[in-house]
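What follows is one structure encoded as structure tokens, with my remarks underneath.
Here, each number is a calculation from the coordinates, and none is a lab measurement. Given the structure is predicted, the values throughout are model-derived calculations rather than measurements. Because the Cβ atoms are built from the backbone with ideal geometry, glycine has one as well, and the counts that use them run over all protein chains shown.
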Amino acid sequence: MQYLPDKIRPDARHNIIRAASRIVVLTGAGVSAESGVPTFRGDGGLWKSCRAEDLATPEAFARDPRLVWEWYAWRREIVARCSANAAHHAIAKLAATHPETLIVTQNVDGLHSEAAAALGEPGSAPAMPLELHGSLFVIRCTRCAWRRPHREPIDATLHDTLPRCESCGALARPAVVWFGELLNQTELERAFDAARAADVCLVVGTSAVVQPAASIALATLEGGGAIVEVNPTETPLSPHALVSLRDRAALALPDMLL
Ligand code: OAD
């Protein structure tokens, strides 16, 4: 483990989070790595073997919806076999014990929600994450406003077997944000407002190269708060972090947060 920069004593890292009342937790694919969900960049990352332009853009879907659905069906199968890990559970617990915590994730795997639901705090609704890039397990119409949760297997062998809108019959698509598409502006504003007001932005498992998500942490800095990062490798946010913990999320977070 390394602490960068050496501004605070290592043992004080616990207190930064525990002393904070307003916290934003910004996560990326790395938080789910130990659940078995592939990351996008780095060794074994999805973008090493696939091109985002062929699979994760509106143009790619218009060109070849079967191919895009085949890739999403494959990712859904992988994720369906994965469970929330110790990092998701530690974050869920933090959110349950610090009511002014907002979990903002770029992940589409639903594992933060699974961890929140698993807490099962009697009489209280679990703190659900803001899923900035959507969900693998929601589909929506390419023509009208129809959308619904969807966990059934997808048959992407033929164009005719692809999922269709149950309202207007047009082709349905994964309710994820593709490159070149706008994020939900209401959700984005909520994330930036919370980040600006936060004492700490805990950034976990993101390469911090995709905007606007990566800038959410910088909004905390602008608002006078601190960034705490957990990532085995350096990111563009590392120089701005009060603490960069070079460790895997599932190992570091339970110790740090619980
Ligand atoms: P990336 O794959 O770009 O980055 C994953 C990060 O997790 C890297 O910085 C790794 O060092 C780190 N990491 C790996 N294992 C870890 C572990 N066990 N614990 C903690 N960190 C670990 O994933 P994202 O930053 O989430 O967007 O990517 C952002 C967006 O780019 C995604 O949401 C996706 C992608 O293209 C869309 O599809 C729109």
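Before moving on, here are some points about what is shown:
- Dipole magnitude of the chain about its Cα centre (Cβ charges: Lys, Arg +1; Asp, Glu -1), debye to nearest 20: 120 debye
- As a length-normalised measure over Cα pairs under 8 Å and 6 or more apart, the relative contact order of the chain settles at 28 percent.
- Label separation (residue 67 vs residue 159): 1.4 nm, computed from points 7 Å beyond Cα along the C-beta direction.
- Segment residue 209..residue 83, full-extension length gain: 42.8 nm, with 0.36 nm per residue of separation and the alpha-carbon distance subtracted.
- The gain in end-to-end length when the residue 119 to residue 100 segment is fully stretched comes to 5.1 nm, 0.36 nm per residue minus the alpha carbon separation.
- Taking each residue as 0.36 nm, the span from residue 151 to residue 182 lengthens on full extension beyond its C-alpha to C-alpha distance by 8.7 nm.
- Projecting the Cα positions of 240, 105, 195 onto the charge dipole of the chain (unit charges on Cβ atoms of Lys, Arg, Asp and Glu, taken about the Cα centre) puts 105 furthest along the positive direction.
- Per-residue [θ]222 nm for the chain (sum of -39500 (n - 2.57) over DSSP H runs n ≥ 4, rounded to 500): -10000 deg cm²/dmol
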